[in-house]
1. Can you tell me which residue within the stretch 73-105, out of those that are surrounded by 15 or more Cβ atoms within 10 Å (Cβ to Cβ) and of a type in the set (Asp, Glu), is modelled with the lowest pLDDT?
2. Select from the stretch 38-53 the residues that are within 22 Å of the chain's Cα centre (by Cα) and free of Cβ contacts under 8 Å to residues at least 24 places away in the same chain and list them in ascending order.
3. Determine if the stretch 21-39 includes at least one residue that is surrounded by 13 or more Cβ atoms within 10 Å (Cβ to Cβ) and part of a strand (DSSP E or B).
4. Just the residues that are of a type in the set (Lys, Arg) and on the phi > 0 side of the Ramachandran plot, please, taken from the stretch 75-120.
5. Could you tell me whether any residue of the stretch 48-59 is at pLDDT 95 or above, assigned to a strand (DSSP E or B) and within 20 Å of Glu29 (Cβ to Cβ)?
6. If you take the residues of the stretch 106-163 that are part of a loop (DSSP other than H, G, I, E, B) and among the hydroxyl-bearing types (Ser, Thr, Tyr), which of them is modelled with the lowest pLDDT?
7. Please enumerate the residues belonging to the stretch 1-19 that are under 20 Å from the mean Cα position of the chain (by Cα) and either at pLDDT 85 or above or in a loop (DSSP other than H, G, I, E, B) (or both).
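The values are calculated or read from the model by the stated rules, or taken from the named source; none is laboratory data. Everything quoted here is computed from the prediction, not taken from an experiment. Positions of Cβ are backbone-derived with ideal geometry, glycine not excepted, and every protein chain shown enters the neighbour counts.
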Amino acid sequence: MQNFFQGEFTISNKEGVNNLVTEADHASEKAIFEVIRQDFPDHYILSEEAGAITMDSSFKWIIDPIDGTVNFANGLPLCCVSVGVEQDGEMILGAVYNPFIREFFFAQKGYGATLNDKKIHVSDETSVGKACLVTGFPYSYLDEANGPLEVFSRLIRAGVPVRRLGSDKQQVMPLDQALKMLTDEAVPPDLKRANQAAA
């Protein structure tokens, strides 16, 4: 990621508006594949760009080589690499790394979560009105009844501070099904599998 950041690289568009993929996404994905295959050649891999590389294995690696590609493509350092691992269909660990601000989130089932090796936990705040919510919007279903724009509108009209960072993993981090980074969390209704795995 850092080799490409704010440099020249190719950008193309997937389905939807501004659903970008860059040369850096593919390079990041290739590097991650090489590391996994070196030690776990028989494991199943599901990646945001390449799709499924099916193997007969109880382990599945779920990868987003750059989460926050629009941010990355526009020189904004709110983007990260995300890797999750399932065993027999159950998430057992996840890792998220932003090399630009040097934040490494890691969680393992039954052991909680850390940020740069320091324990983290979910917010104790129970009132939405007192929370700072962080969310994202899907590339589709924006105008559904009670959809993300409608919910967003109700929250900001109620005076609730809402932030949209442009990277699911920069706003959703793992801990035993709880969702937390540095703020409280409002989760978009249709985060894709690769966007959920490490979160």
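1. Glu103
2. If the condition is that a residue be within 22 Å of the chain's Cα centre (by Cα) and free of Cβ contacts under 8 Å to residues at least 24 places away in the same chain, then His43, Tyr44, Ile45, Ala50, Gly51, Ala52, Ile53 are the ones that fit.
3. yes
4. Answer for the stretch 75-120, where residues must be of a type in the set (Lys, Arg) and on the phi > 0 side of the Ramachandran plot: just Arg102.
5. Yes, the stretch 48-59 has at least one match.
6. Narrowing the stretch 106-163 to residues part of a loop (DSSP other than H, G, I, E, B): 109-111, 116-117, 121-127, 131-132, 136-147, 158-161.
Narrowing the set further to residues that are among the hydroxyl-bearing types (Ser, Thr, Tyr) leaves 111, 123, 126-127, 139-141.
Numbers: Tyr111: 94, Ser123: 79, Thr126: 80, Ser127: 81, Tyr139: 66, Ser140: 66, Tyr141: 63.
Among those that are part of a loop (DSSP other than H, G, I, E, B) and among the hydroxyl-bearing types (Ser, Thr, Tyr), it is Tyr141.
7. If the condition is that a residue be under 20 Å from the mean Cα position of the chain (by Cα) and either at pLDDT 85 or above or in a loop (DSSP other than H, G, I, E, B) (or both), then Met1, Gln2, Phe4, Phe5, Lys14, Glu15, Gly16, Val17, Asn18, Asn19 are the ones that fit.
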